[in-house]
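S.K.: Encoded as C-alpha cells, here's the structure I'll be asking about.
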Amino acid sequence: MKQIRTLIALAITLLYIPALSAQTTARQEGFTSEMKLRMANRIIESYYVDSIDSDKTVESAIVAMLKTLDPHSTYTDAEETRELTTPLEGNFSGIGIQFSMLEDTVFVIQTIPGGPCEKVGIVPGDRIIQAGDSLLAGRKLPNSRILNILRGPKGSIVPLTVVRRGESEPMIFTVERDDIPIHSVDASFMADPTTGYVRITRFAENTAEELKEALAGLRSQGMKNLIIDLEDNGGGYLGAATEIASEFLPKDAPIVYTEAPKLGTNKFDNMRKGSFLDGRLVIMVNQYSASASEILSGAIQDNDRGLIVGRRTFGKGLVQRPFNFPDGSMIRLTVSRYFTPSGRCIQRPYDRENIDDYNLDILHRFEHGEFTSADSVQLDKSQLHYTLLRRRPVYGGGGIMPDLFVPLDTTAVTPYYRQLLAKGIINRLAITYVDDNRDSLHTEFPSEQAFIDGFSVSPDLIARVADLATTSGIELNQDELDSSTPMLRTILKGLIGRDLFQTSTYYKIVYPVLNDEYIAALQLINDKKTYQNLLKNGQKTK
C-alpha cells in the first residue's frame, strides 16, 4: 500500500512539473495577460465537468473585469444595450402610445398626435389585450417586455386586439409601425407672466433642438427670465449638454473639459454667441441630477451666468466611451474625467475595493442629514475654486453644490403614503377615474386652464384611494392618511390633468404647491436684489 501511495504521489508530481515548466517558458516567450485569458476560457470549455454556456461565461468574465476598474465602466448585452441607447437616440419605431398597466392590461393613456395608433382610431382609455400573436392581458409583463412587443421595424404591421368601454366585443386594429419621437423636454410653460419653465429629463440627440423650440414658444408668450429643471436628470450625451450651454453663454466661454492620461485634455468652448444672454437664469437640481446635468450646471455657475437651486448633485464625472460588439452588446468604458470651467472635478471619490459603499452614497447622504441641512454637506476645503467672472468660491470633490440650498421636505410622506406609491394606488385610481369620466370631464373643463382653475379632488375620491389600498392589502392608517391628504389631492389632480391634457399639466398643478425647489427658484428669479447678491457673494440656505 505504501508503494502504491508513493507511485501516485510521483505521478501527480510528474503531471504538475510540465505545466510549471510550460508556464515558465511561456513567460520567457512573452506570455501576456490577454493570452492567459484566452487560455483560461479554452481550458474551461475543454475540461469543465459540466456543460456550460460559453457566451454567459465570457460575459461574466467581462463584467468581473470591469468591476475592478470604477463604478461606471459597464457591460450590457444586446437587449440591455437597446434599452440603454433608445431613449437617447431621439426616436424609435413603434405604434405611438403612452401606456400604463391597469389590472394586468395595457391601458392607453394618450396617443401620440399623428402617430400610428391615432391614425387608425385607437383612443385614450382603450385596453390592448393582444399584439400580433403575443397575449398582453393577464400576464403581468414588465414594461420592458411590453415595449419589445409593441416596437418593431418601421413599416412593419401589427394587429392590435383592443377592448373599449361601451363595446360588447373586442376590436381589431391593423397598425403600421412608424418612427416615434422620444421627447426629452418633458414640460414647457410660463410659470408667471415673465418667467418661463422648461423641464429636461435627459440629454439626448434631439434635446437641444427641443429646447430651442421651447424657448421660442416661451418668448412668444413674453418670457424674460428662465427656470431650467434638471431634477432627477441622470444625464446623457455630452454634445447635448454643451449645445444647450451654448444658448446661455457668450462666444468663446468655456463649458467643460476632459482629462485622460491616454487621450490628453479636450476642451469644449462655446463656438457661437448664445441666444439667451440677458435674462435671469436659474437651474433646479437635486441629488439625482448627474453627468450631463452637472456639466450644464457647472458651466452656468462657473461662468456666473445664472444660479443653481436645490441640493448637491450626484457627482458623476467619469466619461464613458461606448465600444460596440458585432452581436449588439457593448462595453461603456471610462476613458476620462469631466472638469468644470473653474477646474472642479465633478466626480465624487470612490474606492475600487469598496464599490458597494459608493453605490450607497445617496443613502449615506440622507442618513448624514445632507438633504435637510446645508451645514451637513461635507465640502472638501482642499478643492476650493473660484468662478471665472465674480470670483465666487465653489468647491470640487464631487457634484455641484447649489447657490441656494433647498432642504428636502418629507413631512407629508407618511409610511402609509409610501405604501400607496409602492403599489401604484394613486396612479391606478387616476387612470380609472379618467376612464370612467373622460367625456363629462372634457365637457365640464374644455381647456387645460379651465381644469386647473375649476377642478378639485373630492373627499369621495380620497375615500376611494383608501378603499383601493385596502383591497390591495394596505391596512388603513387614518391619521397618516389625513396627514397626507393635502398632498394626495394635489398629486391626484395633477395626474388626472395629465391624462386629460398633456404632461405639462401635471407640473403646472403640482409644482407650485409641492415642489420646494420650484417655489424657491421662482421666488429667487423674481427677486432681482437677492439674485444679484447671490451672484456676487455665493451660496445660501433656503
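S.K.: Checking Pro71 against (1) in contact (Cβ under 8 Å) with a residue 60 or more places away in the chain; (2) under 29 Å from Val434 (Cβ atoms); (3) part of a loop (DSSP other than H, G, I, E, B), only one condition comes out false. Which one?
M.R.: (2)
S.K.: Quick one: count up the residues across region 75-103 that are surrounded by 18 or more Cβ atoms within 10 Å (Cβ to Cβ), among the β-branched types (Val, Ile, Thr) and within 16 Å of the chain's Cα centre (by Cα).
M.R.: Total satisfying the criteria: 1.
S.K.: Let me ask you something else. If the Cβ limit is 7 Å and pairs must be 6+ apart or interchain, which residue in region 286-303 that is in the same structural domain as Thr340 (by TED's automatic domain parsing) and buried (at least 24 other Cβ atoms within 10 Å of the Cβ) pairs with which residue that is of a type in the set (Val, Ile, Thr) and in a helix (DSSP H, G or I)?
M.R.: Sorted first by the residue in region 286-303, then by its partner, the pairs are Leu296/Ile244.
S.K.: Report whether or not Arg312 is of a type outside the set (Val, Ile, Thr), assigned to a loop (DSSP other than H, G, I, E, B) and crowded, with 24+ Cβ neighbours inside 10 Å. Give the steps one after another, and end with the answer.
M.R.: On the way: of a type outside the set (Val, Ile, Thr): yes; assigned to a loop (DSSP other than H, G, I, E, B): yes; crowded, with 24+ Cβ neighbours inside 10 Å: yes.
The answer is yes for Arg312.
S.K.: Which one is farthest from Ser504 (Cα to Cα) among residues in region 456-487 that are among the hydrophobic types (A, V, I, L, M, F, W, C) and surrounded by fewer than 16 Cβ atoms within 10 Å (Cβ to Cβ)? Working first, answer last.
M.R.: Of all residues in region 456-487, those among the hydrophobic types (A, V, I, L, M, F, W, C) come to 457, 461-463, 465-466, 468-469, 474, 476, 481, 487.
If we keep only those that are surrounded by fewer than 16 Cβ atoms within 10 Å (Cβ to Cβ) as well, we get 463, 476.
Working: Ala463: 27, Leu476: 32 Å.
Out of the qualifying residues, it is Leu476.
S.K.: Also, quick follow-up: Determine whether region 254-277 contains at least one residue that is over 23 Å from Ile180 (Cβ atoms), touching a strand residue (DSSP E or B) at 6+ places or on another chain (Cβ under 7 Å) and buried (at least 22 other Cβ atoms within 10 Å of the Cβ).
M.R.: yes
S.K.: Out of region 290-309, which residues are of a type in the set (S, T, N, Q) and either modelled with pLDDT under 95 or part of a loop (DSSP other than H, G, I, E, B) (or both)?
M.R.: Across region 290-309, the qualifying residues are Ser291, Asn303.
S.K.: Among the numbered criteria (1) surrounded by 18 or more Cβ atoms within 10 Å (Cβ to Cβ); (2) free of Cβ contacts under 8 Å to residues at least 60 places away in the same chain, which single criterion is violated by Ala521?
M.R.: It is condition (2) that Ala521 fails.
S.K.: Look at Thr414 and say whether it is touching an Asp or Glu at 6+ places or on another chain (Cβ under 7 Å) and either of a type in the set (Gly, Ala, Ser) or over 23 Å from Arg344 (Cβ atoms) (or both).
M.R.: Yes; evaluated as a whole, the condition is true for this residue.
S.K.: Additional query: Does Leu500 meet the test of being among the hydrophobic types (A, V, I, L, M, F, W, C), within 30 Å of the chain's Cα centre (by Cα), at pLDDT 95 or above and under 24 Å from His183 (Cα atoms)?
M.R.: no
S.K.: For region 114-143, what are the residues that are surrounded by 12 or more Cβ atoms within 10 Å (Cβ to Cβ), closer than 23 Å to Ile182 by Cβ and polar (S, T, N, Q)?
M.R.: Ser134
S.K.: So for region 253-262 (the condition being over 22 Å from the mean Cα position of the chain (by Cα), in a strand (DSSP E or B), on the phi < 0 side of the Ramachandran plot and among the acidic types (Asp, Glu)), does at least one residue qualify?
M.R.: yes
S.K.: Same structure again: Name the residue that is surrounded by the fewest Cβ atoms within 10 Å (Cβ to Cβ), counting only residues in region 192-208 that are under 19 Å from Glu517 (Cα atoms) and β-branched (Val, Ile, Thr).
M.R.: The extreme case among them is Thr194.
S.K.: Going residue by residue through region 419-429, is there one that turns out to be of a type in the set (Gly, Ala, Ser) and touching a helix residue (DSSP H, G or I) at 6+ places or on another chain (Cβ under 7 Å)? Spell out how you get there, then give the answer.
M.R.: Taking region 419-429 as the starting set, the residues that turn out to be of a type in the set (Gly, Ala, Ser) are 422, 424.
From the residues that got through so far, the ones that are touching a helix residue (DSSP H, G or I) at 6+ places or on another chain (Cβ under 7 Å) too are none.
No, every residue in region 419-429 fails to be of a type in the set (Gly, Ala, Ser) and touching a helix residue (DSSP H, G or I) at 6+ places or on another chain (Cβ under 7 Å).
S.K.: Being over 23 Å from the mean Cα position of the chain (by Cα) and among the hydroxyl-bearing types (Ser, Thr, Tyr) is the filter here; which residues of region 401-416 pass it?
M.R.: If the condition is that a residue be over 23 Å from the mean Cα position of the chain (by Cα) and among the hydroxyl-bearing types (Ser, Thr, Tyr), then Thr411, Thr414, Tyr416 are the ones that fit.
S.K.: Listed residues Pro446, Pro486; which is outside any strand (DSSP E or B), over 30 Å from Arg305 (Cα atoms) and over 32 Å from the mean Cα position of the chain (by Cα)?
M.R.: Pro446
S.K.: Can you pull out the residues in region 503-540 that are more than 21 Å from the chain's Cα centre (by Cα), outside any helix (DSSP H, G or I) and either over 19 Å from Arg391 (Cα atoms) or assigned by TED's automatic domain parsing to the domain that holds Tyr197 (or both)?
M.R.: Asn526, Asp527
S.K.: Taking into account only those residues within region 315-327 that are touching a Ser or Thr at 6+ places or on another chain (Cβ under 6 Å) and of a type outside the set (A, V, I, L, M), which is surrounded by the most Cβ atoms within 10 Å (Cβ to Cβ)?
M.R.: Lys316
S.K.: Could you tell me whether region 399-410 includes any residue that is aromatic (Phe, Trp, Tyr) and out of contact with any helix residue (DSSP H, G or I) (no Cβ under 6 Å at 6 or more places or on another chain)?
M.R.: Among the residues of region 399-410, not one is aromatic (Phe, Trp, Tyr) and out of contact with any helix residue (DSSP H, G or I) (no Cβ under 6 Å at 6 or more places or on another chain), which makes the answer no.
The values are calculated or read from the model by the stated rules, or taken from the named source; none is laboratory data. Since this is a predicted model, take the numbers as computed values, not measurements. Ideal geometry is used to build each Cβ from the backbone, glycine not excepted, and the neighbour counts take in all protein chains shown.
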